[in-house]
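Some notes on the structure that comes next.
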Amino acid sequence: MRVGLVCPYTWDVPGGVQAHVRDLAECLIEMGHQVSVLAPVDEADEADLPAYLVPAGRTVPVPYNGSVARLCFGPVSLTRTRRWLRKGRFDVLHLHEPTVPSLSMLACFAARGSMVATFHTATARSRALQVFGTTLQPGLEKITGRIAVSPAARRVVVEHLGHDAVLVPNGVYVDRFAGAPPLDGLPAGPRLVFLGRIDEPRKGLSVLLEALPAIAARVPDVQLLVAGPGDVDDVRDDVDPRVTDRVHLLGLVSEADKPRVYASGDLYVAPNTHGESFGIVLIEAMATGTPVVASDLPAFRRVLDDGEAGALFPVGDAEALAASVVALLLDGERRRQLSVAASRVVQAYDWHHVARQVVEVYETVAAAAPVELDETADEPDVEDFGQEDDPGRVSEALRRWLAVVRERVAP
Amino acid sequence: MTGDVALAVAIVVLVALYVTWTAGRLDRMHARVDAAWAGLDAQLVRRAAAARSLLPHLPPGAEAAAVDERAIAALAAGEHGREAVENALTRALRAAVGRLPRTPAAEVALTELDAASTRVGLARSFHNSAVTDTRALRRRRLPRLLRLAGHRAMPSFFDVDDTAILPPW
C-alpha cells in the first residue's frame, strides 16, 4: 500500500506527534508498505533526514495550547505539499492533527480521496479548535476515517468537531526499551528521572524541583537526572540551593540514548500539569522496567491502569509528589510489583500491534478512491523560491527574471 | 445610484458564489457517502465469505445450515434490507461458533472472520460519519430551499451488531 503521512510539527524538534509519525512510518515500511512523510524541517541537513522524509519548508513559532508550537503554512509549503501529493500517488493520505493550522490542514485542503486523520490532542479548550473548529469544518469534512489516540482525544473529536473516531493508541517499540543498560558514570544513590522539554511549563519540571528538597530530607542521597531540550540556566535558577548538587542536567538526549536514560532511574517521574493526551513517555519508561510516578491526569491514569502499573499523585501537588516518591524509594518490593505490572500493560502499546490496527483503518478507507489533488481547490503553484535555505534557487530565479526583462527592453 | 447598483451586484455575486460553493461541497459529501458505502459493502462481502469458510470446520447440523443459508443471503443482498440480513448472519454465526472444534484450521478461519468483523465495524463507523455530515448540511435552510442535493436520496445510517463473534474457548 502507498501511504502518505503528514506531520504538522517541525521534524527536527523532538515531540510526541513527530515521534509517532516517525515510528509509524518505520513500522509500516518494515511491514512492506511504501511510505512517504511530509513534514516541516527547520535546521536539519537534508543528509541527516531519513529517506522517507520530504521537507515542506520552515516553520513559524506560534503560542498554542499552552506552549509554543512551530507551525508551517504559506504558499511555499502549499506548493511543496501539492507537488508531494502529485508525485506520491498515494492509496491513503494519513494526516496528523489536522485541526492545527499547519501542514496537515494544508494537505487536507489540497487533496481528495482516501484520507485518514489521527487526533492526538486532548485539550478541549484548545484555542485553535475554538477559533477554527466551525470555520474550517468544511475543509475537514473530506476526511474519511478518523483515529483518536486516547478516549480523551476522541472526546475532543466528538464534542468539538461533531465526528466519531475509532480508538487506536499510540505505539512504542517495546523491544527497543526493554533491557536497555543504564547510562555510564551515574551518580551514586537512588535516582529519579525526568524526561521532556525543561522550559515547557505543562511538563511540570517545576513541580518536581519544588518537591526535591522534601524528598532529599527523607532520602539524603537522592539524585535527579533531567533530560530534554530547553534553557538549562533557567532551570538552574529554579533549583533550591540546598539540592543544587543533586540535579544533573543531561540536556537533549539522542533517541538512541533515551531507553538508557529511563533505565538509569530507580523511579521515573512524570509531573505533567496538563495538556497530555496520552503519556507516551510513561509507556517508554514502563517498557524499560523502571517504575513510574505520575500526576493523576486522565491519560496517565488510563495508561497506569488506575494505579496498578504505577503510582499516581494529585496534579501539581509537590507535597504529594514528594510523599509518593519517598514511599516508593523506601519500598523495593512495591517498585518491583509496579515494574512487573507495567511490563504486562505495555504489550498492548507495542508498535507491531498498533500499526496493524492502523493498517486495518487504511484498508477500510482505501476501498474508496486513491488520493489525488483536489482540483476544485485548484490554484497555480507559486514559484518555489524565497526559502533562505535555497540561495541557489533564488539567484537562479532572479537570473531568469533578468533575462526576460532584458529581452523585452532591448529588442 | 451607481453605488446602489454596485452593492446589489456585489451581493448577488457573493450569494451566487456561496451557493455554488455549497453545491460543490454537497456533491463532494455525497461522493464520500458513496465511497464509504462501497467500502462497507466490500467488508460485508468479505465477512460473508469468511463465514462460509467456517463451514468445512462445523459439524453438520442446523447451525451450519443456518450459517450457509444466511451467508449466501448476505452475499446476494443489495442495499435494501441489508441490515436485517447482516444481523441474521451475525446471529447464526454466534450460535454456530460454539460448535466449532478447536483445530488449527478452524482457528485460522475464525481469525479471518474476526478480521473481517473488525473491518465491518470500522467501515460502518466511517460510513455513518459521512452520512452524519451530509444529512447535517442537507437539513440546512439554503440547500433545502434551493434543492441543491438534486434528486439524490437522503443517505441513511447503517446499523448492525458488529461486536466480536468469539468462540467459548
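The values are calculated or read from the model by the stated rules, or taken from the named source; none is laboratory data. This is a predicted model, so every value here is computed, not measured. Glycine gets a Cβ as well: all are built from the backbone with ideal geometry, and neighbour counts include every protein chain shown.
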Over the stretch B:108-152, the set of residues touching a Pro at 6+ places or on another chain (Cβ under 8 Å), within 12 Å of chain A (Cβ to nearest Cβ), more than 18 Å from residue B:44 (Cβ to Cβ) and touching a residue at least 24 places away in the same chain (Cβ under 8 Å) is B:134, B:137
Of (1) over 30 Å from residue B:136 (Cα atoms); (2) surrounded by 22 or more Cβ atoms within 10 Å (Cβ to Cβ), residue A:165 satisfies every one except (1)
Conditions (1) farther than 12 Å from residue B:51 by Cα; (2) touching a residue at least 24 places away in the same chain (Cβ under 8 Å) -> residue B:64 fails only (1)
Residue pairs qualifying under the 6 Å Cβ cut-off, at least six apart or on distinct chains, with the first in the stretch B:38-54 being of a type in the set (Ser, Thr, Tyr) and the second being in a helix (DSSP H, G or I), are B:53/B:109
Across (1) crowded, with 23+ Cβ neighbours inside 10 Å; (2) more than 17 Å from the chain's Cα centre (by Cα); (3) not hydroxyl-bearing (Ser, Thr, Tyr), residue A:95 clears everything bar (2)
Across (1) within 14 Å of chain A (Cβ to nearest Cβ); (2) surrounded by 17 or more Cβ atoms within 10 Å (Cβ to Cβ); (3) under 30 Å from residue A:168 (Cβ atoms); (4) in contact (Cβ under 8 Å) with a residue 24 or more places away in the chain, residue B:74 clears everything bar (1)
**Asked** Would a scan of the stretch A:160-169 turn up a residue that is charged (D, E, K, R) and away from every other protein chain (no Cβ under 14 Å)?
**Response** no
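Yes or no, residue by residue, for (1) surrounded by 12 or more Cβ atoms within 10 Å (Cβ to Cβ); (2) touching a Cys at 6+ places or on another chain (Cβ under 9 Å); (3) modelled with pLDDT of 65 or more:
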{"site": "A:358", "(1), (2), (3)": "yes, yes, yes"}
{"site": "A:381", "(1), (2), (3)": "yes, no, no"}
{"site": "A:389", "(1), (2), (3)": "yes, no, no"}
{"site": "A:408", "(1), (2), (3)": "no, no, no"}
Within the stretch B:19-39, residues within 18 Å of residue B:159 (Cα to Cα), facing another protein chain (nearest Cβ under 7 Å) and of a type in the set (A, V, I, L, M, F, W, C) come out as B:35, B:36, B:38
Check: If we scan the stretch A:152-175, do we find a residue that is in contact with a Gly (Cβ under 8 Å, 6 or more places away or on another chain) and under 21 Å from residue A:332 (Cβ atoms)?
Finding: no
Taking first residues from the stretch A:178-205 that are in a strand (DSSP E or B) and second residues anywhere that are acidic (Asp, Glu) and surrounded by 18 or more Cβ atoms within 10 Å (Cβ to Cβ), the pairs with Cβ under 9 Å that are 6 or more apart or on different chains are A:191/A:266; A:192/A:266; A:193/A:266; A:195/A:284
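Count, please, the residues in the stretch B:110-169 that happen to be assigned to a helix (DSSP H, G or I) and among the hydrophobic types (A, V, I, L, M, F, W, C).
Matching residues across the stretch B:110-169 total 14.
Just checking, which of B:137, B:122, B:145, B:100 is touching a Phe, Trp or Tyr at 6+ places or on another chain (Cβ under 9 Å) and of a type in the set (A, V, I, L, M)?
Just one listed residue meets the conditions, B:100.
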Subset of the stretch A:240-254, residues farther than 14 Å from residue A:194 by Cα and in contact (Cβ under 8 Å) with a residue 12 or more places away in the chain, comes to A:240, A:242, A:243
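For residue B:49, state whether it is of a type in the set (A, V, I, L, M) and either modelled with pLDDT under 90 or farther than 30 Å from residue B:130 by Cα (or both). Talk me through it step by step, then tell me what you get.
Details: of a type in the set (A, V, I, L, M): yes; either modelled with pLDDT under 90 or farther than 30 Å from residue B:130 by Cα (or both): no.
So residue B:49 fails the test.
Under the condition of being β-branched (Val, Ile, Thr) and outside any strand (DSSP E or B), which residue from the stretch A:224-278 is surrounded by the most Cβ atoms within 10 Å (Cβ to Cβ)?
For the stretch A:224-278, the residue satisfying everything is A:261.
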Residue set B:10, B:31; condition surrounded by 15 or more Cβ atoms within 10 Å (Cβ to Cβ) and either within 33 Å of the chain's Cα centre (by Cα) or part of a helix (DSSP H, G or I) (or both); output residue B:31
Conditions (1) more than 14 Å from chain A (Cβ to nearest Cβ); (2) more than 15 Å from the chain's Cα centre (by Cα); (3) exposed (fewer than 15 other Cβ atoms within 10 Å of the Cβ); (4) not hydroxyl-bearing (Ser, Thr, Tyr) -> residue B:80 fails only (2)
Apart from one, (1) surrounded by fewer than 21 Cβ atoms within 10 Å (Cβ to Cβ); (2) away from chain A (no Cβ under 14 Å) all hold for residue B:92; the odd one out is (1)
Residue count, the stretch A:62-95, condition at pLDDT 90 or above and part of a strand (DSSP E or B), comes to 4
Taking residue B:61, is it within 29 Å of residue B:129 (Cβ to Cβ), away from chain A (no Cβ under 14 Å) and loosely packed, with under 13 Cβ neighbours inside 10 Å? no
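Tally the residues that are in a helix (DSSP H, G or I) and among the basic types (Lys, Arg), restricting the search to the stretch B:54-102.
Number satisfying all stated conditions: 4.
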